[in-house]
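Novice: Before I ask anything, here is the structure I am working with.
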Amino acid sequence: MPLAAESPSTAVDRTIAILEAVAARASGMSNAEISRKLEIPKSSASYILRALEKHGYLRRDGENGKYRLGLKVLNLGRGALNGVDVREVALPIMRSLVEHVHITSHLAILDGTQAVYVERVESPAFVKMDTWVGRRMEIYSTSVGKALVSHLPEAQVQAILRDRGMKKRTPTTITNPARFLRELELVRERGHAFDDEENSAGVRCVAAPVFNAAGAVEAALNVTGTTQQVNRETLPRIIDAVKDSARRISTQLGYRPTRVAAGNRK
């Protein structure tokens, strides 16, 4: 049955099925293979294939006649990723993280020279953190700040430090630029950042960077607790949970670990 005689829903379903089948076969698929696999009449499959090829969603190999995905499909993927709100993606994962570790979680972005909380999931525990969405913090004294700038060029990090200064907020605050850069090396090696009462006395935080499809740091995910909540015994489990959650968010944003995070740090 030619495409024109098919119902609109049938034609759409078959078009989607063909795209998905071709995408799943790296070597490509011929009209006959598509027709047989999807149980679509050859005439209908041929009509759809020609239309998809005409508009750039498929390309046909002139030698063997097999169809592969066209470059136009990449534009659709980029458009979908551009429309993804990191907060929307992160929120259910943050809720799961808080249920697992029973500590308040935050999502932060780099806004100019400061880290800013853009999402928060509060722990059900009795102890509450004095944090809020919109809170701005320094990069050098917070776990999210360290995670956010960990893959930036060193010159850019140094410019931020010069602009903001490095005020000693607690006895353990890092106030030396060279030492802070060494701290960022550790963050890159370990895949997580740590704030050991560096921003607020009695508070410890663990954060991990969230990467986007381009391999750049899009945001930072953390958990914030008291020194009693985040201690030597609980720390390994908390670190694993935060890193795993950040990886899940990154994956949903289109990040693939084989990519090298953006930014020449020299």
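Where a number appears in this text, it was derived from the coordinates with a stated rule and is not lab data. Computed from a predicted model, the values in this text were never measured in an experiment.
Novice: Taking springs between alpha-carbon atoms closer than 10 angstrom, which of ASP163, ASP61, ASP195 fluctuates most in the Gaussian network model of the chain?
Specialist: ASP61
Novice: Taking amide H positions as placed in the peptide plane 1.01 Å from N, state which residues far from GLU218 in sequence (5 or more) or on other chains have amide H under 5 Å from it.
Specialist: Distant-sequence amide H within range of GLU218: VAL210, PHE211, ASN212.
Novice: Picking from GLU53, GLU138, GLU119, which is most flexible by a Gaussian network model of the chain using Cα springs under 10 Å?
Specialist: Residue with maximal mean-square fluctuation among GLU53, GLU138, GLU119: GLU53.
Novice: If you average the sequence gap of Cα pairs under 8 Å that are 6 or more apart and divide by the length of the chain, what percent do you get for the contact order?
Specialist: Result for the chain is 16 percent.
Novice: Evaluate the relative contact order of the stretch 3-80 (contact order divided by residue number), counting alpha-carbon pairs under 8 angstrom at least 6 apart; express in whole percent.
Specialist: Once normalised by length, the contact order is 27 percent.
Novice: Here's something else I'd like to know. Mind putting together the pair-distance distribution for the chain? All Cα pairs, 5 Å bins, whole percent per bin, short to long.
Specialist: Result, from short to long distances: 1, 6, 12, 14, 13, 10, 8, 6, 6, 7, 7, 5, 3, 1, 0, 0 percent.
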